[in-house]
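The values are calculated or read from the model by the stated rules, or taken from the named source; none is laboratory data. Keep in mind it's a predicted model, so treat the numbers as computed, not measured. Note that we place each Cβ from the backbone using ideal geometry, even for glycine, and neighbour counts take in every protein chain shown. To get the accessible areas, we keep the full protein, side chains included, count just its heavy atoms, and leave off ligands, DNA and RNA. Shrake-Rupley method; radii C 1.70, N 1.55, O 1.52, S 1.80 Å.
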Amino acid sequence: MTDLDQRIASALRERAEGETDTHRLLRASQAQGRRRKLRRRAATGTALALVGVLGFVGVTGTDFAGLSGRLPWAAATPAVAAPVPPRADGVPGAAQRPDLVGTDPQVLHLGVDTSQARYLGWAVYRSNQLESIRFDVGGGQPVLVEVSRSAQMINELLIDGVPIQEAVVRLTFDGAVRQFGRTGGGLVTAWQPAPGLYARASMLVGDRSVLVKAVDAIRWDEARRCVAPLRLSTLPEGAAVSACSVDVAAFPRGLKVELTLYREPPATMWVKLLYGVGIGESTTESNRVVGGRPGYLYPDGTRLELLGFPKAHLTADFGWSGKGFTEADATTVLAGVQVAEDLGDPETWD
């Protein structure tokens, strides 16, 4: 997170009774012309673009796979097939149990027909009762589908990548395709896929036929696990996973996985796995031991990295100014983390 993000979220959490809805708030602040600053590892000089804090917010500059100056979901689709979130066996889809949508941060209650579409990313935010999938049905025109049990939540969500004054689109969930944005180049449609369930599909550029095709590719009768290449087997006492996001838009050149942990009193930790073919071997000397493995505590004292992953960084961002989670909590999480054998090979993920 940037320092501004941290100050906003920290101040809100200190004054909140429960879990603060930082997802929408941060997206709103980011949409006003500010772009994410690149985080650099001093030892390697590798630029890592952290693609959003709680979602897939766009960045400029060099991304974690070495791609230059493109929004992740507007980037050209790689030739290699993207990973697919694994099925959640025994879990009903949104069509059968709409009441389950957004309740489990590690389960998606919808999917897409992979014969028609390519997954670019997926996410679940329990605090927002929100699930989302980003995918491409061809022609390099990505579509973002968001679904919630709350019509208000869908209506209040900004369309990411669009300036705040243009991003608020009031919807009536009637299935009509509407234009948005200053030039009218964006398209959005909203509907109810099941009683008590509200969905929105949007694209920043493209034509109506692509959006209609994308909606047809959604599968509401299946459930999939949000996280494939990263699992947490140990959590600090009282903590639970509250959000999950996976970005595979740049795959096989790179990917990002992020899990958010939350507990009362307000404390948040972000466990992030960044993989990129352009990431060199780390030369950072270990200054911590994490579950018997070398680790590195960053100078600011709020980020711990588990070392030893080729072309990847696995970090836990925790606490600000002594508040929230502690280094001991981050050590507990990283000591029990399970990472896929080969991040560049989805066959080893599950």
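Regarding Val241, is this residue open to solvent by 30 Å² or more (accessible area, probe 1.4 Å), in contact with a strand residue (DSSP E or B) (Cβ under 9 Å, 6 or more places away or on another chain), under 25 Å from Thr103 (Cα atoms) and in contact (Cβ under 8 Å) with a residue 60 or more places away in the chain?
No, not satisfied.
Go through the stretch 233-259 and count every residue that is of a type outside the set (Val, Ile, Thr) and assigned to a loop (DSSP other than H, G, I, E, B).
We begin by selecting, within the stretch 233-259, every residue of a type outside the set (Val, Ile, Thr); these are 233, 235-240, 242-245, 247, 249-256, 258-259.
Then drop every residue that is not assigned to a loop (DSSP other than H, G, I, E, B), which leaves 233, 235-239, 249-253.
Adding up the residues that qualify gives 11.
Just one of (1) within 21 Å of Pro85 (Cα to Cα); (2) of a type in the set (Gly, Ala, Ser); (3) free of Cβ contacts under 8 Å to residues at least 12 places away in the same chain trips up Ser209, so point out which.
Exception for Ser209: condition (1).
Please go through the stretch 204-223 and give me each residue that is open to solvent by 40 Å² or more (accessible area, probe 1.4 Å) and of a type in the set (Asp, Glu), ordered by number.
Asp207, Asp216, Asp221
Has the stretch 224-231 got at least one residue that is surrounded by 18 or more Cβ atoms within 10 Å (Cβ to Cβ) and over 21 Å from the mean Cα position of the chain (by Cα)? Before you say what the answer is, go through the steps one by one.
First pass over the stretch 224-231, keeping only residues surrounded by 18 or more Cβ atoms within 10 Å (Cβ to Cβ): 224-230.
In the following step, the residues that additionally are over 21 Å from the mean Cα position of the chain (by Cα) were identified as none.
No, because not a single residue in the stretch 224-231 is surrounded by 18 or more Cβ atoms within 10 Å (Cβ to Cβ) and over 21 Å from the mean Cα position of the chain (by Cα).
Which of the residues spanning the stretch 307-338 are part of a helix (DSSP H, G or I), within 16 Å of Val241 (Cα to Cα) and open to solvent by 50 Å² or more (accessible area, probe 1.4 Å)?
Result: Thr332, single match.
Out of Leu274, Leu232, report the one residue that is within 25 Å of Pro92 (Cβ to Cβ) and either touching a helix residue (DSSP H, G or I) at 6+ places or on another chain (Cβ under 9 Å) or among the aliphatic types (A, V, I, L, M) (or both).
Leu232
Mind listing whichever residues of the stretch 298-350 are modelled with pLDDT of 90 or more and hydroxyl-bearing (Ser, Thr, Tyr)?
Tyr298, Thr302, Thr315, Thr326, Thr331, Thr332
Going by the structure shown, is Val169 over 20 Å from Tyr119 (Cβ atoms), β-branched (Val, Ile, Thr), surrounded by 15 or more Cβ atoms within 10 Å (Cβ to Cβ) and at pLDDT below 90?
Yes, satisfied.
I want to confirm something. Restricting to the stretch 177-190 and keeping residues that are open to solvent by 40 Å² or more (accessible area, probe 1.4 Å) and not basic (Lys, Arg), which single residue is nearest to the chain's Cα centre (by Cα)?
If we filter the stretch 177-190 for residues that are open to solvent by 40 Å² or more (accessible area, probe 1.4 Å), which is where we start, we get 178-179, 182-183.
Filter once more, keeping what is not basic (Lys, Arg): 179, 183.
Working: Gln179: 26, Thr183: 28 Å.
Result: Gln179.
So which strands (runs of 3 or more DSSP E) stay within the stretch 260-306 end to end and still have 1 or more residues that are more than 23 Å from the chain's Cα centre (by Cα)?
Details: elements: 267-276, 288-290, 293-297, 303-306.
Of the strands (runs of 3 or more DSSP E) lying wholly inside the stretch 260-306, those with at least 1 residues that are more than 23 Å from the chain's Cα centre (by Cα) span 288-290, 293-297.
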